[in-house]
1. Mind checking which helices (runs of 4 or more DSSP H) fall wholly inside the range 27-127 and carry at least 3 residues that are within 20 Å of the chain's Cα centre (by Cα) and of a type in the set (G, A, S)?
2. Look at F82 and say whether it is modelled with pLDDT of 90 or more and crowded, with 18+ Cβ neighbours inside 10 Å.
3. Can you confirm whether the range 99-106 contains a residue that is in the same structural domain as A199 (by TED's automatic domain parsing) and closer than 22 Å to P18 by Cβ?
4. Can you list residue pairs whose Cβ atoms sit under 6 Å apart, with the first residue in the range 148-167 being within 15 Å of F82 (Cβ to Cβ) and the second being among the hydroxyl-bearing types (S, T, Y)? Count only pairs 6 or more apart in sequence or on different chains.
5. Please find, among K76, K127, K90, the residue that is out of contact with any strand residue (DSSP E or B) (no Cβ under 8 Å at 6 or more places or on another chain), of a type outside the set (A, V, I, L, M) and over 23 Å from P189 (Cα atoms).
6. Criterion first (more than 30 Å from A17 (Cα to Cα), within 22 Å of the chain's Cα centre (by Cα) and of a type in the set (D, E)) does E146 satisfy it?
Amino acid sequence: MDWIYGIHTIQSMLKSAPERVTEIFVQGNRRDERLQKIRHLADLHGISVQPLVAHKLEARVNGRHQGVIARCKPGKTYDENFLLQLAEDKGKESFFLFLDGVTDPHNLGACLRSADAAGVNAVVVPKDSSAGLTPIVHKVASGAAESVPLITVTNLTRTLEKLQNSGIWVIGTTGQSKQLIYDIDLSGPIALVMGAEGAGVRNLVAKQCDYMARLPMLGEVESLNVSVATGVCLFEIVRQRM
């Protein structure tokens with residue numbers, strides 16, 4: 001079982017995957033409107049809501065729980081076969097985000113949230129050297145961890161090659177590129193590859209990309225947080241598609 005916490009996170013789970021929620025614990029003295037919505041959704045799906053004192057909530061989760069936590073069955077896992085079928089179904093509308101070596105759960109959660117907002121079909125991460133769907137990821141993603149499939153693959157390079165063979169263009173990012181992200185045609189089927197802070201996109205993965213691009217950095221800092229950079233790049237793709 002997994003623990004998730006936070007008002008919006010649990011509301012989203014109750015709306016998108018209520019069958020995963022087995023029980024909910026609410027801080028005993030909380031009666032505000034937002035928690036009443038959770039109680040109502042839980043009642044609709046026959047899910048037990050039990051009172052619990054604050055320090056016992058805090059003992060079960062490591063984060064700002066906002067007075068509510070929930071015990072959940074593990075979410076569905078997705079693999080490369082699911083991704084390839086999704087690419088076939090979406091065709092020219094394919095829109096994927098690859099995260100190469102993003103191990104910070106806060107960054108993964110923020111990337112999932114941006115991916116959901118931008119209409120990304122799925123987020124793809126390597127089996128090793130990546131954060132998983134932890135309670136922190138669920139909290140930061142604010143519901144996006146339930147709406148955007150997180151696909152785990154063994155070899156990013158091989159997976160990208162298979163997508164290219166199906167007609168999807170792969171765009172990688174690096175601060176060393178001479179080409180700006182704004183100068184590339186991003187209106188077709190796209191897989192965007194973002195690397196971890198510091199290490200960036202690995203060399204083998206970068207060599208597999210059709211284009212490498214960068215964001216203009218006009219100040220003193222050399223790079224953006226990966227989740228911020230991901231949001232900027234995703235919405236440039238959205239802008240061009242619109």
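1. Answer list for the range 27-127: 105-118.
2. It is false that F82 is modelled with pLDDT of 90 or more and crowded, with 18+ Cβ neighbours inside 10 Å.
3. No.
4. The qualifying pairs are P149/Y78; I151/Y78; V153/T159.
5. K76
6. Taking the combined requirement at face value, the residue does not satisfy it.
Residue-by-condition table, conditions (1) farther than 30 Å from Q164 by Cα; (2) out of contact with any Pro (no Cβ under 6 Å at 6 or more places or on another chain); (3) at pLDDT below 85:
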{"residue": "T9", "(1), (2), (3)": "yes, yes, no"}
{"residue": "E23", "(1), (2), (3)": "yes, yes, no"}
{"residue": "R30", "(1), (2), (3)": "yes, yes, yes"}
{"residue": "Q50", "(1), (2), (3)": "yes, yes, no"}
{"residue": "K56", "(1), (2), (3)": "yes, yes, no"}
{"residue": "V68", "(1), (2), (3)": "yes, yes, no"}
{"residue": "N107", "(1), (2), (3)": "no, yes, no"}
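The values are calculated or read from the model by the stated rules, or taken from the named source; none is laboratory data. What you see is a predicted model, and the numbers here were worked out from it, not measured in a lab. Every residue, glycine as well, gets a Cβ built from its backbone with ideal geometry; the counts of neighbours run over all protein chains shown.
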